[in-house]
């Protein structure tokens, strides 16, 4: 299987590329700069903007699936549009090119997972620091949900850089969930698994330890 990864140079994206390559996938990474993507060993690098349909069309040629781990900086005051703009462009290109499988990372606090991050995250961090980012994550998820694709939206708990420990819990019933964390390495493994598994097809599980 050949996959396209967006957001491949981010902390989680790097691990996704590494895991996919280790599993035998042919990986294409659409990156802003090949020079800044030198750590993506084993991936074919294509320069371009993830918001540009022409760049996406060139990168997706011959691919069977797409992983989006796009992220954006915290923006307390400035409007954020990167995630939704890129995702709308991606959905359009995937539907046009008949590439159906999409696994996209958003996060705890997106959509109906809001209110399950614990006091500090829900009452302070999200509304004061991440509100603009999460408004765009909501728009991003809406673009995916209304598509014709075979999608899985992955919502990790607060990310950390600890070693993978396995035992990931994937939940859509969030009653009783009030915060938590998960290693990026475990997120990467879960995401790669979703490329061929149908357990969470057209669902948005929150993943945690």
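Derivation of every value follows stated rules applied to the coordinates shown; laboratory data play no part. Quick caveat, the model's predicted, so the values are computed rather than measured. Here the Cβ is made from the backbone with ideal geometry for all residues, glycine too, and neighbour counts use every protein chain on show.
Just a few scattered comments:
- Stokes-Einstein D in µm²/s, Kirkwood radius over Cα pairs - the chain at 10 °C with 1.306 mPa s viscosity: 93 µm²/s
- Here the spin labels are modelled as points 7 Å beyond Cα on the Cα-Cβ line, and at residue 97 and residue 44 they lie 1.0 nm apart.
- Every helix of 4 or more DSSP H residues in the chain counts as -39500 (n - 2.57), and over all residues that averages to -9000 deg cm²/dmol at 222 nm.
- Sequence of 168, 27, 17 once ranked by neighbouring C-beta atoms within 10 Å, starting from the fewest: 168, 27, 17
- Taking other Cβ atoms within 10 Å as a rough exposure proxy, 40, 30, 171, 90 sort from fewest to most as 171, 40, 30, 90.
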